[in-house]
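Asks: My questions all concern the structure below.
The values are calculated or read from the model by the stated rules, or taken from the named source; none is laboratory data. Fair warning: this is a prediction, and the values are worked out from it, not measured in the lab. Glycine also receives a Cβ, built like all others from the backbone with ideal geometry; neighbour counts cover every protein chain displayed.
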Amino acid sequence: MTFHQFAYRNVVRNIRIYAAFFMASFFSVFVFFIYSMLMFHPSIENGFLGNVPMIWMVIAEIILVVFTWFFIFYSMKAFLEARSKEFGILLHLGMETKQLSKLIFLETIIIGTVSIVVGILFGYSFTKFFFMIVREILMLEELPLYLSWEPFLLTFVVYLSAFIFISLASVYFAPEKKVIELMKGPKEVHFHITYTKYKAILGIVLIVGGYLLALMITRGTFLSYTLLIPILITFGTYYFFSDTIQFIVEQLKKKKSVYWKKSRMLPLAEQTFILRNNRKVFFVVTMVSTLAFLSVGLLATLSSYTSQYDKLNPLGLIYKGHIDNPYENEHMSSIVSELEEKGLSYHLTRFTVLKQTSSFTKYEVEVFRESDINSLLFSYGYPMVRLSQGEGMFIPYSENSVKRLSKMSVDTILVENNIPIKIDKVYPKLIFPSSIVSLNSIIISDEDFQKLTNPYSGFPDEEPGYHLFTFDIPHWIEITDVGVSIQHNVAQEYLKEKYLLPYYFENAGLNYSYILSTYSLFTLVGLLVAAVFVLAAGSFIYFKLHTNLESEKRKFDVLKRMGISDGEIKKLVTTHLFPQFFLPWGVSLAHSLFAFVTLQKILKDIANISIVKELVFAFAFLIVIQVIYFYLIRWRYVVHVRD
């Protein structure tokens, strides 16, 4: 038998140990390949698939590669540790260390190549179904299956390189062990428990500090706190598992009413050593699980924003320009002709908005005419505004501002024209998108508006007002190609340091198509990445359990000899596995909840969007998956320890 045949038969003989590594590798290849098929699809032109930017697809691909490399590396270490006894026997029989390294390399390449081939085959078989889903999500006319060498070659090169690098790194960086240590099998649990009290307290302080910053965050401190909070949470989580847990368990053991009650002593004493010896694994699982929660949570957030977009943007098209805007007639004629060519119904309202100085705030206020507002409200089907001379009404800039402004009563004078106005009410519905009107906008009667003959005091350095054209279009989702050249000019100008165009244009349908495409992209990427994260989080625990399976079988064998029944063994297995699965998930769930409490606070302030319902559904779904995964692992674990 040649050395290569020996390596092959070794893989076949150890199929139970290699199965977990193979499945981890296979799933990683599968996900990477179907995403590569999408990225290299011929429909991609000029960096876009539909309206999805190519750069985000590349970034998502890189994230998948980096994480799956780490995932495979950890899987490799786990199954090598599980076979340490076998390696010790081979060395004892005379195999040289170089030959053992070569054997591990060949076995890894065999199992890696098989997982690559099978992953690509299954991936290509699933691609047609995947493209059907993508076509519906991105609202594309067609997204046919194709055959090209790029995704096949990319997947094969990336993962073959990964297996070669990881196999060499695992052997090269593995600590030197004597033959007698290897023949003892996987490392036993150390019964020397150490922790540092100040680190235990520091872990709690850092996590609580991160949570408090998350609750205190505002729009102004969002960027700075966003960088600081993950650092505090990461270090706090590590100290929590390395020292805080030990400190808490030791305090419980000192209470005999808790520690000595019934059979609590055995599982509690055992968890002390498990939690200590697996602190790095639990830390990694917690952070990976947090990423899974955040990925799915962000999808839920985008879904909430997408579903509420029409309520936040009641108008289809908005054109806003200076009073002396030279492009006004040309642009309006172009927009109207494009709408009529499409045969779309619309209601056009023209506003002349003037700026004045409020004596109450000493700042500028944007003044709207009552009849102009009523023209727009008529198209909405909203109640009309009825104002007498000297009366005013606030225009809400968000739904949340309606409650706040309704409690205000202001007596002010429009300084430039010495017109007294009493403002003690707010229009009860959102009239304009928040991006159009200022935070200080009011409606006055036509009689008072006609008296605004003197321009704003900031004129000519500042514009005295503007013309606003609003198009109320019932089916604004169909206007994605209306005014595209105007919006392109506006977008290009925003990239410059200073906005100099005398006009602004907004197409709600086109913006929605970009938002929907971005959401769709994140849905595709997020679900794939979250699936990898969820699989990895559970697999890390599974690999660790599998490594210590032989010692666990001996322990439960002793307990059975002592007279413990099968039912009690199931109960002990549950208490043995439960903290290992759900403690990291519980911590990651707490991290994610505080992250999304912060996000909810910001979104409520900016756009009055609630994401609670979507987050509850997403998190409940992930928890159900983890519970199912736990019972599957528990079932296999009970079968193994009974043998």
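Asks: Given the conditions (1) over 30 Å from Ser358 (Cβ atoms); (2) touching a Gly at 6+ places or on another chain (Cβ under 6 Å), and given that Glu478 satisfies all but one, which numbered condition is not satisfied?
Replies: Against the list (1) over 30 Å from Ser358 (Cβ atoms); (2) touching a Gly at 6+ places or on another chain (Cβ under 6 Å), Glu478 comes up short only on (2).
Asks: Step by step: first the residues of region 426-472, then only those that are polar (S, T, N, Q) and without any contact (Cβ under 8 Å) to a residue 40 or more places away in the chain, then the one that is nearest to Glu338 (Cα to Cα). Which residue is that?
Replies: Gln450
Asks: Do we find a residue being touching an Asp or Glu at 6+ places or on another chain (Cβ under 8 Å), assigned to a strand (DSSP E or B), at pLDDT 65 or above and outside the structural domain of Ser438 (by TED's automatic domain parsing) anywhere in region 297-318?
Replies: Checked region 297-318: at least one residue is touching an Asp or Glu at 6+ places or on another chain (Cβ under 8 Å), assigned to a strand (DSSP E or B), at pLDDT 65 or above and outside the structural domain of Ser438 (by TED's automatic domain parsing).
Asks: Among Glu399, Glu338, which is in the same structural domain as Leu439 (by TED's automatic domain parsing) and over 27 Å from Pro460 (Cα atoms)?
Replies: Glu399
Asks: Which members of region 208-249 meet the condition of being more than 28 Å from Phe596 (Cα to Cα) and at pLDDT below 75?
Replies: The one that is more than 28 Å from Phe596 (Cα to Cα) and at pLDDT below 75: Val249.
Asks: Looking for whichever is part of a helix (DSSP H, G or I) and assigned by TED's automatic domain parsing to the domain that holds Asp448 here; the options are Phe351, Phe378, Phe368. Which one fits?
Replies: Every option except Phe378 fails the conditions.
Asks: Here is a follow-up. Quick check: anything in region 470-484 more than 29 Å from Glu399 (Cα to Cα), outside any loop (DSSP other than H, G, I, E, B) and at pLDDT below 85?
Replies: For region 470-484, residues more than 29 Å from Glu399 (Cα to Cα), outside any loop (DSSP other than H, G, I, E, B) and at pLDDT below 85: present.
Asks: Under the condition of being hydroxyl-bearing (Ser, Thr, Tyr) and part of a helix (DSSP H, G or I), which residue from region 555-603 is farthest from Ile233 (Cα to Cα)?
Replies: Here the answer is Thr574.
Asks: Sticking with this one: Go through (1) closer than 24 Å to Leu510 by Cα; (2) in contact (Cβ under 8 Å) with a residue 12 or more places away in the chain and name the single condition Ala491 misses.
Replies: The single condition Ala491 does not satisfy is (2).
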